[in-house]
Amino acid sequence: MSVRVRFAPSPTGPLHIGGARSALFNWLFARRHGGEFIVRVEDTDLERSSREAENNILDALKWLGLDWDEGVGVGGKNSPYRQTERLKMYRWYAGELLASGHAYHCYCTTAELATERETLLAKGTMPRYLGRCRNLNDSERQQLENEGRRPVLRFKVPENKIIKINDLVRGQVEFDCAGIGDYVIMKSDQDQHLGSVPTYNFAVVVDDYLMEITHVIRAEEHLSNTPRQILIYEALAWKEPIFAHVSLILGSDRSKMSKRHGATAIEQYQALGYLPEAMVNFMALLGWSPGGEEEIFTLSELQKIFSLDRVSKSPAVFDLEKLNWLNGGYIRQSDLDYITGLCLPYLQKAGYLSADINAEERQTAREIIRVTRDSLVNISEIVAHAAMFYEKQVIIKNDQAQAVLAGEQVPQVLQAMKQKITTAGQLDEDIIKKMLKQLTKELGFGGKKIFMPLRVALTGRTSGPELYQIIPILGSERTVNRLNNMIKSIYSKNRERGSSLV
Ligand code: GLU
């Protein structure tokens, strides 16, 4: 039977790292086995679900390169793929469970349930529903209905039963039904248009069954839901899928990954300028290991080697430094035009490029990106690195840079370079390299006494790309202007001090 897996997000917020990792593992598993990857939207939490969140999640999946064969937006033989559009099916199977005696109507109010819960807690017992409505007869039910109570449907959990799960990641896991109270499978009419709506544990089973899901690969936090789901499979005489629960992702302090640890949503990483290639590579290594030294993998390489056997039972630790390292690597090694395309919006937003970028602007930006990309950890950093080229005026950035300009030889160095540039005509990296070599020879100072003042005069900074890379990008006119301005400013400072250093 061909592999069919799914990613089933609840659209209650953006796609987080944990969810994205589940989606990735499912996608890889499907692709590895030539199977199908389905995206289903679990929107039965009517209050917290929104179409906006759904769109964000789907956009994030697309951005990561995780395409789906069936599902929301794509369609397929099991349409629709949004749970609120599948209510008829849940109601149908709820009816079956009711008719076969596996489920019953419960009329307990929220207040009654809260009291029961408190009583159990006070006794030191695990709170659960004790089955007050389990054996109501018709007239008792009628009376409760007459009081205006709206029932929910609860699943009747069998007594004295142990549920065994052969989890592909966690091995054999057992649950004692004694610890599981009868749980709600259909909520009472919550919405005047939609009517009664299933709970997650029920809808997920109906959908996984109808969609012929073979493997359920999801986060460890759903392990405790699994026995509740298995009971429903059994009650409906359906074959259950194979389960694989992937471990939690922990922050660097080994507590559960949360907002405290920094960005958790994929869209945040996207906005910061992380590359989808780096995110995918990084997330693949959160819990899965390739079994060798190699750590750099593209999506297409991963789909050839991914296997659930190598998914670890122990929690994965989110290591931002590793993500940064991977991202920097992808920025350095990817095609320059691709990286340029990613950088342009950031440069536009910074006001360095016009809204309608022309060919010349694009070419200059490409050059700036070529010479600075080795220093970028993420794409948004391009703004800070490109600033020296776009700033209208050279601004001396710090005391260290200021100190460089105080050198006695500086005016002479700047003058000599200005002279050379003025007469050079065409400027390219080789020409500048030769020019600097010649300048060093002619002036007879050490290289540092020449390069540092030039760098500060041209950029205001003591670090950045090589001088021979900076000057051709600035071009002859701007280079000469910047040198001139610095020479003037040094002279006027010296005059103020009454010195006659020329
Ligand atoms: N809607 C559930 C969630 O977002 C899906 C769980 C599952 O994969 O079964 O956590």
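The values are calculated or read from the model by the stated rules, or taken from the named source; none is laboratory data. Everything quoted here is computed from the prediction, not taken from an experiment. Here the Cβ is made from the backbone with ideal geometry for all residues, glycine too, and neighbour counts use every protein chain on show.
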Quiz item: Any residue at all in region 97-113 that is under 41 Å from the mean Cα position of the chain (by Cα), of a type in the set (F, W, Y) and surrounded by 12 or more Cβ atoms within 10 Å (Cβ to Cβ)?
Solution: no
Quiz item: Looking only at region 206-220, which residues are assigned to a loop (DSSP other than H, G, I, E, B) and surrounded by 17 or more Cβ atoms within 10 Å (Cβ to Cβ)?
Solution: M211, I213, T214
Quiz item: Would it be correct to say that R117 is charged (D, E, K, R), surrounded by 13 or more Cβ atoms within 10 Å (Cβ to Cβ) and in contact (Cβ under 8 Å) with a residue 24 or more places away in the chain?
Solution: no
Quiz item: Within region 477-492, restricting attention to residues that are in contact (Cβ under 8 Å) with a residue 24 or more places away in the chain and surrounded by fewer than 16 Cβ atoms within 10 Å (Cβ to Cβ), which residue is nearest to K434 (Cα to Cα)?
Solution: N484
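Considering only residues that are charged (D, E, K, R) and either touching a residue at least 24 places away in the same chain (Cβ under 8 Å) or within 9 Å of the ligand (Cβ to nearest atom) (or both), which ones fall in region 40-50?
So in region 40-50, the residues charged (D, E, K, R) come out as 40, 42-43, 45, 47-48.
Correct list: R40, E42, D43, D45, R48.
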Quiz item: If you check F37 against the conditions, is it away from the ligand (no atom under 12 Å from the Cβ) and touching a helix residue (DSSP H, G or I) at 6+ places or on another chain (Cβ under 6 Å)?
Solution: yes
Exercise. Within region 360-399, track down each residue that is surrounded by fewer than 15 Cβ atoms within 10 Å (Cβ to Cβ), more than 18 Å from L272 (Cα to Cα) and not basic (K, R).
Key: E360, Q363, E391, Q393, I395, N398, D399
Exercise. Would you please list the contacts, defined by Cβ atoms under 7 Å and residues six or more apart or on different chains, that run from a residue in region 66-79 that is surrounded by 14 or more Cβ atoms within 10 Å (Cβ to Cβ) to a residue that is of a type in the set (S, T, N, Q)?
Key: E70/N78
Quiz item: How many of the residues making up region 200-226 are closer than 17 Å to E42 by Cα and within 11 Å of the ligand (Cβ to nearest atom)?
Solution: 16
Quiz item: Is it true that some residue in region 227-238 is more than 30 Å from K161 (Cα to Cα) and in contact with a strand residue (DSSP E or B) (Cβ under 7 Å, 6 or more places away or on another chain)?
Solution: no
Practice problem: Return a yes/no flag: does region 151-166 have any residue that is within 16 Å of the ligand (Cβ to nearest atom) and touching a residue at least 24 places away in the same chain (Cβ under 8 Å). | Solution: yes
Practice problem: Kindly indicate whether G73 is within 30 Å of F297 (Cα to Cα) and among the small types (G, A, S). | Solution: yes
Quiz item: G291: surrounded by fewer than 18 Cβ atoms within 10 Å (Cβ to Cβ) and of a type in the set (G, A, S), yes or no?
Solution: yes
Quiz item: Restricting attention to region 67-84, does a residue exist that is within 11 Å of the ligand (Cβ to nearest atom), in a helix (DSSP H, G or I) and either at negative phi or among the charged types (D, E, K, R) (or both)?
Solution: yes
Quiz item: Among (1) within 16 Å of the ligand (Cβ to nearest atom); (2) under 22 Å from T109 (Cα atoms), which single condition is D138 missing?
Solution: (1)
Quiz item: Would a scan of region 177-194 turn up a residue that is surrounded by fewer than 16 Cβ atoms within 10 Å (Cβ to Cβ), charged (D, E, K, R) and within 14 Å of the ligand (Cβ to nearest atom)?
Solution: no
Quiz item: What is the residue count in region 1-31 for residues that are touching a Leu at 6+ places or on another chain (Cβ under 9 Å), polar (S, T, N, Q) and away from the ligand (no atom under 12 Å from the Cβ)?
Solution: 0
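What about R21, is it over 18 Å from the mean Cα position of the chain (by Cα) and basic (K, R)?
Working: over 18 Å from the mean Cα position of the chain (by Cα): no; basic (K, R): yes.
No; evaluated as a whole, the condition is false for this residue.
Does region 295-309 include one or more residues that are charged (D, E, K, R), more than 22 Å from G341 (Cα to Cα) and in a loop (DSSP other than H, G, I, E, B)?
To start, the set of residues in region 295-309 that are charged (D, E, K, R) comprises 295, 301, 304, 309.
Now narrow it down to the ones that are more than 22 Å from G341 (Cα to Cα): 295, 301, 304, 309.
Then drop every residue that is not in a loop (DSSP other than H, G, I, E, B), which leaves 295.
For region 295-309, residues charged (D, E, K, R), more than 22 Å from G341 (Cα to Cα) and in a loop (DSSP other than H, G, I, E, B): present.
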Exercise. Test each condition in (1) away from the ligand (no atom under 16 Å from the Cβ); (2) under 20 Å from Q83 (Cβ atoms); (3) touching a strand residue (DSSP E or B) at 6+ places or on another chain (Cβ under 9 Å); (4) not acidic (D, E) for V197 and report the one that comes out false.
Key: (1)
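How many residues does region 318-335 hold that are surrounded by 13 or more Cβ atoms within 10 Å (Cβ to Cβ), assigned to a helix (DSSP H, G or I) and in contact (Cβ under 8 Å) with a residue 12 or more places away in the chain?
Filtering region 318-335 down to residues surrounded by 13 or more Cβ atoms within 10 Å (Cβ to Cβ) leaves 318-320, 322-331, 334.
Remaining after also requiring assigned to a helix (DSSP H, G or I): 320, 322-331.
Still in the running and in contact (Cβ under 8 Å) with a residue 12 or more places away in the chain: 320, 322-324, 326-331.
Counting residues in region 318-335 that are surrounded by 13 or more Cβ atoms within 10 Å (Cβ to Cβ), assigned to a helix (DSSP H, G or I) and in contact (Cβ under 8 Å) with a residue 12 or more places away in the chain gives 10.
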Quiz item: Mind checking whether some residue in region 18-31 is out of contact with any Pro (no Cβ under 6 Å at 6 or more places or on another chain), surrounded by fewer than 19 Cβ atoms within 10 Å (Cβ to Cβ) and either in a loop (DSSP other than H, G, I, E, B) or aliphatic (A, V, I, L, M) (or both)?
Solution: no
Quiz item: Any chance region 54-61 includes a residue that's modelled with pLDDT of 95 or more, surrounded by fewer than 23 Cβ atoms within 10 Å (Cβ to Cβ) and closer than 21 Å to N201 by Cα?
Solution: yes
Self-check item: Selected residue (criterion: nearest to the ligand (Cβ to nearest atom)) from residues of region 227-244 that are crowded, with 21+ Cβ neighbours inside 10 Å and more than 24 Å from V72 (Cβ to Cβ)
Solution: R228
